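Scroll down for the structure; my scribbles are underneath it.
The values are calculated or read from the model by the stated rules, or taken from the named source; none is laboratory data. Source: prediction; values computed, not measured. Cβ sites come from the backbone with ideal geometry, for glycine too, and all protein chains shown count toward neighbours. In case anyone asks, the SASA skips ligands and DNA or RNA and just uses the protein heavy atoms, side chains included. Shrake-Rupley method; radii C 1.70, N 1.55, O 1.52, S 1.80 Å.
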Amino acid sequence: MLLEIIVQDAVDARMAEEHGANRLELVTAMTEGGLTPSYGIIKDVVQAVSIPVHVMIRPHGYSFIYSEEDKRVILEDIKVCKDLGATGIVFGSLTESGEIDEAFLDIVIAAADGMKITFHRAIDEAKDIIEAYKTLQKYSDSIQTVLTSGGAPKALEGVENLKEMIALANEKPSPVVMPGSGLSHNNIVEIHEKVHATEYHFGSAVRINGKFSEPINGNTISTIKQILG
């Protein structure tokens, strides 16, 4: 069972690794839903831990539909992440019609040049989340993971879509479906019994008082690890 934890700096990263995180999603500006962190933070975190660090590639929180200027920034940020030794990137983009932006995705995959790729919760805003996931299945050689709440605000509310996506993933080579949003040590048993995912993503629930402005609570991560075995 893989446990991914959102971190914002090297202190978070070391704490998460020490208490059993298997992979880190590095972000900044969680009030905006998570944006690309600075060069210095990426460098610090990559050097601070031995577990994989996947960096959020998102230039703003307005939407997941990107202008040409946005795309230039995204590609430059991917280059920086690669140069700094990050294991992977976390990225997602949609077209105006609410479908996966495959044209730009192809360009991002080429820019990542072998780095791991998680397609993030942009998929939850797609016109049809199941069709969007089927589109991403075509990229199973390049996209390892899809982070999703099943199209709902919280994963527990999107269980039916999560189950359908995981069933699709079991039929042929596909990106792993990783539930995220609203997961905590209080509900992970219920969610796991319903969807039987192999990877889970935790954010504010592993922080003191459930706030990104507070430090990570290592004991909570340890508890989740024990629950999931």
Members of region 22-48 found to be assigned to a helix (DSSP H, G or I) and either polar (S, T, N, Q) or free of Cβ contacts under 8 Å to residues at least 12 places away in the same chain (or both), listed by number: 31, 40, 47
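Give the number of residues within region 193-229 that are part of a helix (DSSP H, G or I), closer than 22 Å to residue 167 by Cβ and either among the β-branched types (Val, Ile, Thr) or open to solvent by 50 Å² or more (accessible area, probe 1.4 Å) (or both). Quick ask: steps written out before the conclusion?
Taking region 193-229 first, the residues part of a helix (DSSP H, G or I) are 193-195, 204-206, 208-210, 218-228.
Of the ones still in play, those that are also closer than 22 Å to residue 167 by Cβ are 193-195, 228.
Adding the requirement that they be either among the β-branched types (Val, Ile, Thr) or open to solvent by 50 Å² or more (accessible area, probe 1.4 Å) (or both) leaves 193-195.
Count: 3.
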Residues (more than 15 Å from the chain's Cα centre (by Cα), open to solvent by less than 20 Å² (accessible area, probe 1.4 Å) and closer than 24 Å to residue 5 by Cα) located in region 96-125: 108, 112
Do any residues in region 125-146 that are of a type in the set (Lys, Arg) have Cβ atoms under 8 Å from those of residues that are open to solvent by 20 Å² or more (accessible area, probe 1.4 Å) and not in a loop (DSSP other than H, G, I, E, B), where the two are at least six apart or on different chains, and which pairs are they? 134/168
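Criterion first (at pLDDT 95 or above, open to solvent by 10 Å² or more (accessible area, probe 1.4 Å) and within 19 Å of residue 90 (Cα to Cα)) does residue 141 satisfy it? Before you say what the answer is, go through the steps one by one.
Working: at pLDDT 95 or above: yes; open to solvent by 10 Å² or more (accessible area, probe 1.4 Å): yes; within 19 Å of residue 90 (Cα to Cα): yes.
Yes, satisfied.
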Of everything in region 33-79, what is among the basic types (Lys, Arg) and either in contact with a His (Cβ under 6 Å, 6 or more places away or on another chain) or under 24 Å from residue 10 (Cβ atoms) (or both)? Give them in sequence order. 43, 58, 79
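Out of the residues in region 49-95 that are aromatic (Phe, Trp, Tyr), open to solvent by less than 30 Å² (accessible area, probe 1.4 Å) and outside any strand (DSSP E or B), which is nearest to residue 117 (Cα to Cα)?
First, pick out the residues of region 49-95 that are aromatic (Phe, Trp, Tyr): 62, 64, 66, 91.
Cutting the leftovers down to open to solvent by less than 30 Å² (accessible area, probe 1.4 Å) gives us 64, 66, 91.
From the residues that got through so far, the ones that are outside any strand (DSSP E or B) too are 64, 66.
Numbers: 64: 16, 66: 18 Å.
Per the stated criteria, the residue is 64.
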